[in-house]
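Chemist: What follows is a structure written as structure tokens; I'll ask about it next.
The values are calculated or read from the model by the stated rules, or taken from the named source; none is laboratory data. Note that the coordinates shown come from a computational prediction; the quantities given were computed from them, not determined experimentally. Here the Cβ is made from the backbone with ideal geometry for all residues, glycine too, and neighbour counts use every protein chain on show. Ligands, DNA and RNA are excluded from the accessible area calculation, which covers all protein heavy atoms including side chains. Shrake-Rupley method; radii C 1.70, N 1.55, O 1.52, S 1.80 Å.
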Amino acid sequence: MPRMRDEEKQNAVIGDFETWLRNADRSAHTIRSYIGTLTRFAAWFKQTNGAALGTSLITPADLRLYRGQLVQAQMRPSSVNAALAALRAFVVYAANQIGGSDLAKQLRGVEMTKRRAPKSLTR
């Protein structure tokens, strides 16, 4: 049997995660968003680590570095936190698959700036 290439393994992991999300009864919007985030994370992971994304390869340092890159790219805090939610879900999925622990438990989100109510108009 031929060995799977890194890209095929990565696509299989992402496909399995998508199935897991569907089985968890996540909305179509959530699934699409999480898969998009995971695909971008997988590309970053491969470029940074020189290996395709796998359920047993992610470290807490990878998650922190990726969060830092998103912040450095000047993404809005809500967008960074949405990406982190997707990665947290993937880490839970990965922990279920390999019997590991939740690596994202300590991963903090980005602090949201408080919105002020608009000032009232003067006469």
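Chemist: Out of the residues in segment 25-55 that are among the β-branched types (Val, Ile, Thr) and either on the phi > 0 side of the Ramachandran plot or part of a helix (DSSP H, G or I) (or both), state the one that is modelled with the lowest pLDDT.
Modeler: 48
Chemist: Only residues that are touching a residue at least 12 places away in the same chain (Cβ under 8 Å), farther than 15 Å from residue 94 by Cα and among the β-branched types (Val, Ile, Thr): list them for segment 19-38, please.
Modeler: Selection gives 31, 37.
Chemist: Still on this structure: With the requirement that a residue be at pLDDT 85 or above and open to solvent by less than 40 Å² (accessible area, probe 1.4 Å), what does segment 82-110 give you?
Modeler: Within segment 82-110, 83, 84, 85, 86, 87, 89, 90, 91, 93, 94 qualify.
Chemist: Scan (1) open to solvent by 40 Å² or more (accessible area, probe 1.4 Å); (2) more than 17 Å from residue 81 (Cβ to Cβ); (3) among the hydrophobic types (A, V, I, L, M, F, W, C); (4) within 14 Å of the chain's Cα centre (by Cα) for the single condition residue 20 breaks and write down its number.
Modeler: (4)
Chemist: Would you call residue 22 of a type in the set (Lys, Arg), part of a helix (DSSP H, G or I) and at pLDDT 90 or above?
Modeler: Numbers: of a type in the set (Lys, Arg): yes; part of a helix (DSSP H, G or I): yes; at pLDDT 90 or above: yes.
Yes, satisfied.
Chemist: Turning to a different aspect of this structure: Criterion first (among the aliphatic types (A, V, I, L, M), farther than 18 Å from residue 12 by Cβ, at pLDDT below 90 and open to solvent by less than 10 Å² (accessible area, probe 1.4 Å)) does residue 63 satisfy it? It would help to see each step written out before you state the result.
Modeler: Working: among the aliphatic types (A, V, I, L, M): yes; farther than 18 Å from residue 12 by Cβ: yes; at pLDDT below 90: yes; open to solvent by less than 10 Å² (accessible area, probe 1.4 Å): yes.
The answer is yes for residue 63.
Chemist: So residue 58 fits all but one of (1) open to solvent by 30 Å² or more (accessible area, probe 1.4 Å); (2) under 12 Å from residue 93 (Cβ atoms); (3) aliphatic (A, V, I, L, M); what number is the exception?
Modeler: (1)
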